[in-house]
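Report on the following structure.
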Amino acid sequence: MTQHAPVVPVTLDLREFRRAPRSTDECLALWERLEPAVLTLDPLAGPRVRFDLGDEGEVGVWFLDPATAPRPLGAATRFAIRGVLEPPEIRHACTTCRAARTTTYAPYKCPGCDEGQRMGRVCEAHAVFLDGSLRASCPSHTPACRCGTKAVAWCGGPNCRTRKAWCETHLRRHPGDPTVAYCEDCYAERFPACEHERCTGSGYIRCEHRTLSAMKPCGRRICTEHARRWQVYGSYNRGLALCTPHHQQLSSTSPEGLIDMILAGTVARSGRGRSATRRRVQLPRISIVRHILINTRRTVLDMEAIDRLFTTLEQGLSGRTPRDTNLSTALDLLAGHRASRHEDIERFREQHVEGRGHYDRLLQELRRGGRHELASAVEFSDFRPRSRILFVRVPEHLQGVFRGKGGSSVRQLEQRVGVKIQVERG
Ligand SMILES: [Zn+2]
Ligand SMILES: [Zn+2]
Ligand SMILES: [Zn+2]
Ligand SMILES: [Zn+2]
Ligand SMILES: [Zn+2]
Ligand SMILES: [Zn+2]
């Protein structure tokens, strides 16, 4: 009995095979390579079998009807390829892989791989990422530093804003945090050097020195340690930050010049972050200005004289044109300052009378103790009735004698006179 050799229907799974056949002949040629191995199989034992073809990938053979297949398969067995499973068409293929005649899905774009109409792509394996950005490129289009070397990181600094990449030599890493790296210029901007010689601190503070005729501040960068605060708003408010040269200049600046600087600094501060909830910065009261003048340049002026400095400044400014925002703010500040100046003059007069009384008793005490040199050198400065402090000026070379050992002489005088006694600084 002759038996018709049955046809064994199969499907080829070519989804993992890199050299997918492009024609019937190529498909047959592939089958002929596989057939000797297929004939050794038992379809019932495993209806789906995979063949490893090395670099070319894998091919799967699926027996569609294992029960009807002859056992064992033999040279006479005829096969029918009923279907072919092919890899999905890869729309985004890696440009680098394609040059090596393979097709790989490429999730990233490489701006350097120009494919005419659209930007080239790069696969997971070929993608190069530099620190500082998620932008990819293929190995041959890795960004170069300005010096020509391959870059290692994008600079996220204020100038580059991750648009420029730099090599390790031209990057500057933050000493405290090596993951933070900028190019030289951006680093200098982010971590400005302190103007103080040999200081390694970051100059986060800018010198606020400015005048009404030159409102652009000095701007020199200073670290917190080297910044000098000119306490013009009383001891509890942040004073104007000054660089060393400008701080040193204070003592030789005229009272008019100092008041100009205070006004200019206050104009600049009141223009910043103006909002309904934020209290506007005010000029310091003249009772404070009086102490500022004493401390910075050892000039003792009475309240009327200081009031005149402000009035003269206001008159000079009111005639100035054009009236820009800064000038208007300055005039507003001066106008708002007037009432407090009159209060301070009035109070100063009253205190003066009371203070003079304490001062006279102080002189009497000194003379009674035979300290005549001190009695003729100590000058009255101010009296604060609320805190009951008498401020006096004592020539520097006599201050030690006046205070006595551990302040004992002053304490004795305080007991006798009945008020606290403080020597004016400077
Ligand atoms: Zn690739
Ligand atoms: Zn590329
Ligand atoms: Zn940069
Ligand atoms: Zn470089
Ligand atoms: Zn410093
Ligand atoms: Zn300065």
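The values are calculated or read from the model by the stated rules, or taken from the named source; none is laboratory data. Only a predicted model underlies this, so the values are computations on that prediction, with no experimental measurement involved. All Cβ positions, glycine included, derive from the backbone under ideal geometry; neighbour counts span all protein chains shown. For accessibility, only protein heavy atoms count, side chains too; no ligands or nucleic acids. Shrake-Rupley method; radii C 1.70, N 1.55, O 1.52, S 1.80 Å.
For the stretch 206-223, indicate whether the set of residues that are under 30 Å from Gln422 (Cα atoms) and either touching a Gly at 6+ places or on another chain (Cβ under 7 Å) or not in a helix (DSSP H, G or I) (or both) is non-empty. Lay out the reasoning, then the answer.
At the first step, the residues of the stretch 206-223 found to be under 30 Å from Gln422 (Cα atoms) are none.
No, that holds for no residue.
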message: Can you pull out every residue in the stretch 206-231 that is acidic (Asp, Glu) and away from ligand 5 (no atom under 11 Å from the Cβ)?
response: Glu208
- prompt: Do we find a residue being within 16 Å of ligand 5 (Cβ to nearest atom) and either among the polar types (S, T, N, Q) or in a strand (DSSP E or B) (or both) anywhere in the stretch 143-155?
  reply: no
- request: Evaluate the stretch 218-226: report whether one residue or more is touching a Ser or Thr at 6+ places or on another chain (Cβ under 9 Å), farther than 30 Å from His141 by Cβ and among the basic types (Lys, Arg).
  value: yes
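Given the options Thr162, Thr200, name the one that is modelled with pLDDT under 90 and not in a helix (DSSP H, G or I).
Just a single option satisfies the conditions, and that option is Thr200.
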field: Cβ-Cβ under 8 Å pairs, at least 6 apart or on other chains, the stretch 239-250 side away from ligand 1 (no atom under 16 Å from the Cβ), far side assigned to a helix (DSSP H, G or I) and open to solvent by 10 Å² or more (accessible area, probe 1.4 Å)
entry: Leu240/Met261; Leu250/Thr296; Leu250/Arg297
query: Any idea which residue in the stretch 120-147 is nearest to Arg18 (Cα to Cα), counting only those that are surrounded by 13 or more Cβ atoms within 10 Å (Cβ to Cβ) and of a type in the set (A, V, I, L, M)?
result: Val122
- prompt: When the stretch 106-135 is examined, which residues are found to be closer than 20 Å to Cys183 by Cα and more than 16 Å from ligand 4 (Cβ to nearest atom)?
  reply: Phe129, Ser133, Leu134, Arg135
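Here is a yes/no grid of residues against (1) in contact with a His (Cβ under 6 Å, 6 or more places away or on another chain); (2) open to solvent by less than 20 Å² (accessible area, probe 1.4 Å); (3) assigned to a helix (DSSP H, G or I); (4) modelled with pLDDT of 95 or more:
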residue	(1), (2), (3), (4)
Ser275	no, no, no, no
Ile306	no, yes, yes, yes
Thr321	no, no, no, no
Ser328	no, no, yes, no
Arg347	no, no, yes, no
- request: For Glu195, indicate whether it is under 30 Å from Leu263 (Cα atoms), outside any loop (DSSP other than H, G, I, E, B), of a type outside the set (Gly, Ala, Ser) and touching a residue at least 12 places away in the same chain (Cβ under 8 Å).
  value: no
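Please go through the stretch 105-119 and pick out each residue that is open to solvent by less than 50 Å² (accessible area, probe 1.4 Å) and part of a loop (DSSP other than H, G, I, E, B).
Residues satisfying the conditions are Ala106, Pro107.
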message: Can you say whether Val401 is open to solvent by less than 20 Å² (accessible area, probe 1.4 Å) and touching a helix residue (DSSP H, G or I) at 6+ places or on another chain (Cβ under 8 Å), as far as the supplied structure shows?
response: no
query: Restricting attention to the stretch 372-398, which residues are charged (D, E, K, R) and open to solvent by 60 Å² or more (accessible area, probe 1.4 Å)?
result: Glu373, Glu379, Arg384, Arg386, Arg388, Arg393, Glu396
